[in-house]
Amino acid sequence: MNKQIKLLVCVAGLSSLYALNTGVAAQTQAKPAAKPTMQDILKASQASDWRSLDPNNTLYLDLEKGRVVIELAPEFAPKNVVNIKTLVKEGYFDGLAMIRSHDNYVAQWGDPGEKREFKKAAKKVEGEFTVKYKKDAPFTRLPDVDGYAPQVGHVNSFAAARDPKTQTTWLTHCYGAIGVARGNETDSGNGSSLYAVTGHAPRNLDRNITVVGRVMHGIELLSSLPRGTGALGFYEKPEERTPIKSVRLAADVPEAERSKLEVFRTDTANFTALVEAQRNRGGDWYKFAANHIELCNVPIPVRIVK
């Protein structure tokens with residue numbers, strides 16, 4: 001075999017060896033780790049990732065078909081929350097009704113005739129559309145740009161926004177948010193008529209209405225109400241309205257009758273991971289990762305504790 005042939009054989013052998021080694025390397029190279037899903041994160045969560053609802057700030061709106069559990073956020077609307085709890089304690093809502101179901105918008109309840117008297121509750125409460133916040137106040141900020149606020153994120157499991165220039169913060173109109181109905185005057189609401197967002201987040205209402213909390217469980221009982229046929233979804237006939245059995249503060253309900261719920265904390269590493277999992281969803285089905293999430297699309301898991 002001459003030198004030229006030997007060289008060709010050598011090159012061919014090296015090429016084959018390189019191809020073989022490359023193939024082995026490709027087979028042995030670890031595949032990129034699968035992106036964790038929200039279910040993966042929740043499954044791996046610890047007890048410290050969850051918190052119980054505060055019974056002193058939790059309302060039970062009981063309807064014939066079940067219970068709607070609402071957690072109030074007094075840090076965002078202290079005066080309105082106090083008045084709402086006063087109304088509840090004096091039994092104001094008991095026997096009233098759902099008065100409105102506006103498609104893709106809100107479900108509202110209160111006194112359809114606006115004749116029920118207030119015992120101790122104030123008739124008018126100053127609107128608390130925003131409140132001051134401290135610079136070191138807990139706030140888990142989202143990395144994404146928001147069209148309605150300079151910064152958005154979460155405070156104590158509530159979707160919130162803030163403006164560093166004015167140092168103000170407010171709760172946002174995400175699905176399930178509870179707002180205080182009012183007229184044109186900013187102090188014309190007192191919590192005697194409340195609504196829950198049951199459609200696409202009407203964020204244009206932010207900083208125009210006092211938001212006092214959100215539905216933590218049972219939102220389907222409100223979102224599935226028959227749509228009102230009157231203007232803005234109000235019911236035109238009494239028989240169209242869904243009666244309210246009672247509204248009670250959880251602290252005033254015997255412990256055995258309370259709804260045992262826990263909500264995912266938003267100040268933990270696992271919540272940050274959950275947000276990222278929703279921003280960049282993995283798995284075989286997703287072909288494009290958005291690398292973006294809107295505030296109201298961030299899920300805040302709630303679980304039943306047995």
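The values are calculated or read from the model by the stated rules, or taken from the named source; none is laboratory data. Predicted model, so just to flag it, every value in this text is computed and none were measured. Glycine gets a Cβ as well: all are built from the backbone with ideal geometry, and neighbour counts include every protein chain shown.
Quick notes
- Residue within segment 106-121 that is within 20 Å of residue 210 (Cα to Cα), loosely packed, with under 14 Cβ neighbours inside 10 Å and modelled with pLDDT of 95 or more present: no
- Restricting segment 273-284 to residues that are at pLDDT 90 or above and either more than 13 Å from residue 38 (Cβ to Cβ) or in contact with a helix residue (DSSP H, G or I) (Cβ under 6 Å, 6 or more places away or on another chain) (or both), the residue that is surrounded by the fewest Cβ atoms within 10 Å (Cβ to Cβ): 273
- In the set (1) surrounded by fewer than 19 Cβ atoms within 10 Å (Cβ to Cβ); (2) in contact with a Ser or Thr (Cβ under 7 Å, 6 or more places away or on another chain); (3) small (Gly, Ala, Ser), residue 233 fails one condition alone, (1).
- Enumerated strands (runs of 3 or more DSSP E) restricted to segment 54-159, each holding at least 2 residues that are touching a Pro at 6+ places or on another chain (Cβ under 8 Å) and more than 26 Å from residue 261 (Cα to Cα): 97-101
- Within the option set 178, 209, 244, being in a loop (DSSP other than H, G, I, E, B), under 28 Å from residue 122 (Cβ atoms) and β-branched (Val, Ile, Thr) holds for one residue only, 209.
- Taking the listed residues 180, 215, the one that is aliphatic (A, V, I, L, M) and touching a Ser or Thr at 6+ places or on another chain (Cβ under 8 Å) is 180, with no other qualifying.
- Of all residues in segment 186-211 being in contact with a helix residue (DSSP H, G or I) (Cβ under 9 Å, 6 or more places away or on another chain) and of a type in the set (A, V, I, L, M), the one that is surrounded by the fewest Cβ atoms within 10 Å (Cβ to Cβ): 201
- Counted residues, segment 259-306 - those being out of contact with any strand residue (DSSP E or B) (no Cβ under 8 Å at 6 or more places or on another chain) and in a loop (DSSP other than H, G, I, E, B): 18
- Of all residue pairs spaced 6 or more apart or on separate chains, those with beta-carbon atoms under 7 Å, a first member in segment 85-98 that is within 26 Å of residue 237 (Cα to Cα) and a second member that is in a helix (DSSP H, G or I) and of a type in the set (A, V, I, L, M) are 93/87.
- Residues of segment 236-245 classified as touching a residue at least 40 places away in the same chain (Cβ under 8 Å) and buried (at least 16 other Cβ atoms within 10 Å of the Cβ), total: 3
- Residues that are buried (at least 17 other Cβ atoms within 10 Å of the Cβ) and under 15 Å from residue 273 (Cα atoms), drawn from segment 43-75: 45, 49, 50
- The residue pairs whose first member lies in segment 271-284 and is at positive phi, whose second member is surrounded by fewer than 20 Cβ atoms within 10 Å (Cβ to Cβ) and among the hydroxyl-bearing types (Ser, Thr, Tyr), and whose beta carbons are closer than 7 Å, counting only pairs six or more residues apart or on different chains, are 283/37.
- When residues of segment 212-230 are limited to those that are of a type outside the set (Ser, Thr, Tyr) and out of contact with any strand residue (DSSP E or B) (no Cβ under 6 Å at 6 or more places or on another chain), the one surrounded by the most Cβ atoms within 10 Å (Cβ to Cβ): 219
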